[in-house]
1. Does the range 78-94 contain at least one residue that is touching a residue at least 24 places away in the same chain (Cβ under 8 Å) and surrounded by 10 or more Cβ atoms within 10 Å (Cβ to Cβ)?
2. Any residue at all in the range 60-72 that is among the aromatic types (Phe, Trp, Tyr) and surrounded by fewer than 10 Cβ atoms within 10 Å (Cβ to Cβ)?
3. Using the structure shown, decide if Arg99 is exposed (fewer than 10 other Cβ atoms within 10 Å of the Cβ), modelled with pLDDT of 60 or more and over 21 Å from the mean Cα position of the chain (by Cα).
Amino acid sequence: MVYEGTESTDSVTRWTYLGLNKLRGVDCGELAQTLKEDDQPYKVVKENVTSVLGIENSLLDYTDRGLQNLQSEMKNMRDTLEELQKREKVLSALCSDIRNIKENIHSISVFVDKHRY
């Protein structure tokens, strides 16, 4: 597929469009053979494709690092949650002990009041 108006443009642009169209799903072996006929357009298409692949790789690396950071943060959050749950159990046990002590003090107070007179 040649884009409208590319017939009159320089061969580099035409070959670049041709190369990009081929990369969209046409046989890449045929593309490589066709592009070798003219060395300069081949270099331009190769540079363009390499540039696009480089950008994709950079985005993938950035995304991968982001996912790793997110996984690390999630692990930290899980660890924090586990620690908070442990503390909640300890505090719950302390509250229960305090209630028992309060009830014991009340019982002792009632006993003392009954036997005071």
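The values are calculated or read from the model by the stated rules, or taken from the named source; none is laboratory data. Quick caveat: nothing in here was measured; it's all calculated off a predicted structure. Cβ atoms come from the backbone with ideal geometry, glycine included; neighbour counts cover every protein chain shown.
1. Initially, the range 78-94 is screened for residues touching a residue at least 24 places away in the same chain (Cβ under 8 Å), giving none.
Checked the range 78-94: no residue is touching a residue at least 24 places away in the same chain (Cβ under 8 Å) and surrounded by 10 or more Cβ atoms within 10 Å (Cβ to Cβ).
2. So the first thing to find is which residues in the range 60-72 are among the aromatic types (Phe, Trp, Tyr), and the list is 62.
Now restrict to residues that are surrounded by fewer than 10 Cβ atoms within 10 Å (Cβ to Cβ): none.
So far as the range 60-72 goes, no, none of its residues is among the aromatic types (Phe, Trp, Tyr) and surrounded by fewer than 10 Cβ atoms within 10 Å (Cβ to Cβ).
3. On the way: exposed (fewer than 10 other Cβ atoms within 10 Å of the Cβ): no; modelled with pLDDT of 60 or more: yes; over 21 Å from the mean Cα position of the chain (by Cα): yes.
No.
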